Amino acid sequence: MPRLSRMKSDRRHSLWTDLNCPHFITAVTKDRVKIFADIVCAKSLIDEWKFYAKLYDVELIAGVVMPDHFHIIIWPKGKKTFSDFMHGVKGYFAKWYGEELIRRGTVAPPMDGKSYISKIWQDSFFDYVVPTDEKLNEKIEYILQNPIEEGFVTDWHEYPYIFLSEGYRAE
């Protein structure tokens, strides 16, 4: 199994503190509904990651979308926190998903004319502060192995809903 490591760059991060370090995050759909088995939904979630990473000055290191959950490693760089990022991603995706169900005719539009927002996420999410390069490599490897362990693919490169930043590579 190849090991992963941070590529050397001029932007090398020097502090590994709770406020300035990567976070490994897992979020699960309510009742483990397989929302992301739908290709449009999985791609939309990845688009949301990228949008909020840019908006909130968050480095998106790696991520995988599975049918009923996702794992992501992010590193906040600006004033916004990992919690702000997750609030944005989960909130906007829930709104988009409700509107998508209306577009598809799966649900009727709300009678009051307001946005339809379905309860699609479990109330919170799991967050692990990644304190060292070794732990970061372990979490990246976990993300890359997730679709293999579930039997979806035999090589992580084959899985369409996975993201690995260009700043990280397999050794």
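The values are calculated or read from the model by the stated rules, or taken from the named source; none is laboratory data. Everything quoted here is computed from the prediction, not taken from an experiment. Cβ: placed from backbone, ideal geometry, glycine included. Neighbour counts: every protein chain shown. The protein model used for the area step is the full one, side chains on, heavy atoms only, and it has no ligands, DNA or RNA in it. Shrake-Rupley method; radii C 1.70, N 1.55, O 1.52, S 1.80 Å.
Laid out as a table, the results:
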{"quantity": "Candidates 79, 90, filtered to the one that is part of a helix (DSSP H, G or I) and among the basic types (Lys, Arg)", "calculated": "90"}
{"quantity": "First in the range 77-95 and more than 19 Å from residue 126 (Cβ to Cβ), second anywhere and hydrophobic (A, V, I, L, M, F, W, C) and part of a loop (DSSP other than H, G, I, E, B), Cβ under 9 Å, 6 or more apart", "calculated": "95/117"}
{"quantity": "Criterion violated by residue 64 - all others in (1) more than 17 Å from the chain's Cα centre (by Cα); (2) modelled with pLDDT of 90 or more; (3) under 16 Å from residue 136 (Cα atoms) satisfied", "calculated": "(1)"}
{"quantity": "Residue match in the range 98-112 (condition: open to solvent by 80 Å² or more (accessible area, probe 1.4 Å), at pLDDT below 90 and in a helix (DSSP H, G or I))", "calculated": "yes"}
{"quantity": "Total residues in the range 57-76, condition more than 19 Å from residue 125 (Cα to Cα) and buried (at least 20 other Cβ atoms within 10 Å of the Cβ)", "calculated": "0"}
{"quantity": "Leading residue by the ranking (surrounded by the most Cβ atoms within 10 Å (Cβ to Cβ)) among those in the range 134-171 that are of a type in the set (Asp, Glu) and part of a helix (DSSP H, G or I)", "calculated": "141"}
